[in-house]
1. Looking at T318, T279, which is the one that is modelled with pLDDT of 95 or more, among the polar types (S, T, N, Q) and in a strand (DSSP E or B)?
2. Within the set of pairs 6 or more residues apart or between chains, which connect a residue that is free of Cβ contacts under 8 Å to residues at least 60 places away in the same chain inside region 281-295 to a residue that is in a helix (DSSP H, G or I) and surrounded by 16 or more Cβ atoms within 10 Å (Cβ to Cβ) with Cβ atoms less than 6 Å apart?
3. Quick check on this structure: which one of D317, D283, D334, D271 is surrounded by fewer than 18 Cβ atoms within 10 Å (Cβ to Cβ), within 21 Å of L80 (Cα to Cα), among the acidic types (D, E) and out of contact with any helix residue (DSSP H, G or I) (no Cβ under 6 Å at 6 or more places or on another chain)?
4. Across region 234-246, what is the number of residues that are out of contact with any Asp or Glu (no Cβ under 8 Å at 6 or more places or on another chain) and touching a residue at least 40 places away in the same chain (Cβ under 8 Å)?
5. Consider only pairs whose beta carbons are under 8 Å apart and that are at least six residues apart or on different chains; among these, list those whose first residue lies in region 136-165 and is over 24 Å from P122 (Cβ atoms) and without any contact (Cβ under 8 Å) to a residue 60 or more places away in the chain and whose second residue is β-branched (V, I, T) and part of a strand (DSSP E or B).
6. Take G201 and tell me if it is under 14 Å from G133 (Cα atoms) and of a type outside the set (D, E).
7. Take G69 and decide whether it is modelled with pLDDT under 95, assigned by TED's automatic domain parsing to the domain that holds T183 and surrounded by fewer than 17 Cβ atoms within 10 Å (Cβ to Cβ).
8. May I ask you to say which residue of G220, G205 is in contact with an Asp or Glu (Cβ under 9 Å, 6 or more places away or on another chain) and either assigned by TED's automatic domain parsing to the domain that holds A150 or surrounded by 18 or more Cβ atoms within 10 Å (Cβ to Cβ) (or both)?
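The values are calculated or read from the model by the stated rules, or taken from the named source; none is laboratory data. These numbers come from a predicted model, not from an experiment. Positions of Cβ are backbone-derived with ideal geometry, glycine not excepted, and every protein chain shown enters the neighbour counts.
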Amino acid sequence: MIFRCLKRRRANCSADSQVLVQDQLRLARHVHGHGAPLRCALSSANGRGIGTQKNIANDLGDNRPAAAGRVLARQPVAVLDWADRQFGGNDGYRIALADGHYGNATGQRVEVIVPDAGRTAPYPVLVFIHGGGWHAGDPRDYRFVGRQFARAGYVVVLAGYRLGPEGRFPLMLQDSAAAVAWTRENIARWSGDPERVFLMGQSAGAYNAVMLALERQWLGREGVPEGFVKGVIGLSGPYDFHPWTSDSARNAFGHVADPQVTQPIHFARSDAPPILLVTGDADETVRPRNSQALAAAQQAVNRPVELLILPGMDHSDTVMKLAAPFNRDRRLLDPVLAFLAAHGGASATVQTRRP
């Protein structure tokens, strides 16, 4: 019933049905590789098991039987992206570059999503770095982030990076920096303004984004000048997480002789770009103390960050609230859009709310 309701995109789908949809997606509540498999959510959705998977695979653009397995193999956010298209529609944006690459490795992918014609160019640019515990994730599954911010007047770059053993520290940072350098060199082709570039990441992606903002060497090695990034948004990110308490962290950082060099809190500085840190007080995957500790470290060097702790939100909420229908709860989006606008992003007159 839940996925049938999503597929129809019926305006009269009840609020209760939408809550049930959210509950189903929460079966994979640690959306980024920490929790229950997608198979649970799909088979419990309407009791049809693989039939539901095939229906979703069809909607994702592949009607071959093997597509169902690929849907299961990918992140639960692939289903979240599907849900966003069912509720949010396909207007207000355009995919300008699908499955592009900034390097030769499998994970070094970029996608570019732009506003529909009719807005005033050039547009501010938002580079979004996905989560996944540094071992999972695919920019294609996060097109809902591109849709959300393109409709608000941004050119959005969805940036991937090498994962797992091929992407452990510092390679995930080198890749993320290379994606930013690629953005600097190419974004004007899609009417993006290279003088107004912002970074945003969620979970592991927030770690990458904030490290690029604080530790100068990563962007510097790619020839990106100081001050190029105009602001950074970290959603539910780990910034002070040694000793390692998860397999994801141990696998990505356990080989490093001096763990201090992996911790964003160690690189707090007085000339950092503006930073917004958002987390939920119910996050048990990356606890709010990470954001609080980094905020305190920045305060200590007289460069305060904006810290927002959202009541009742857990780790998955800070990505779910970027997708329809869950973005009707504006507690995440409105502060993010306001932060961007305050530092040179799209004005409030450009940013439009969707029903």
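1. T279
2. Short answer, once both residue conditions are applied: A293/I265.
3. Unique residue meeting the criteria: D334.
4. Adding up the residues that qualify gives 8.
5. From residues that are over 24 Å from P122 (Cβ atoms) and without any contact (Cβ under 8 Å) to a residue 60 or more places away in the chain, the pairs are G160/V110; Y161/I129.
6. Numbers: under 14 Å from G133 (Cα atoms): yes; of a type outside the set (D, E): yes.
In short, yes.
7. Values: modelled with pLDDT under 95: yes; assigned by TED's automatic domain parsing to the domain that holds T183: no; surrounded by fewer than 17 Cβ atoms within 10 Å (Cβ to Cβ): yes.
Criteria not met by G69.
8. G220
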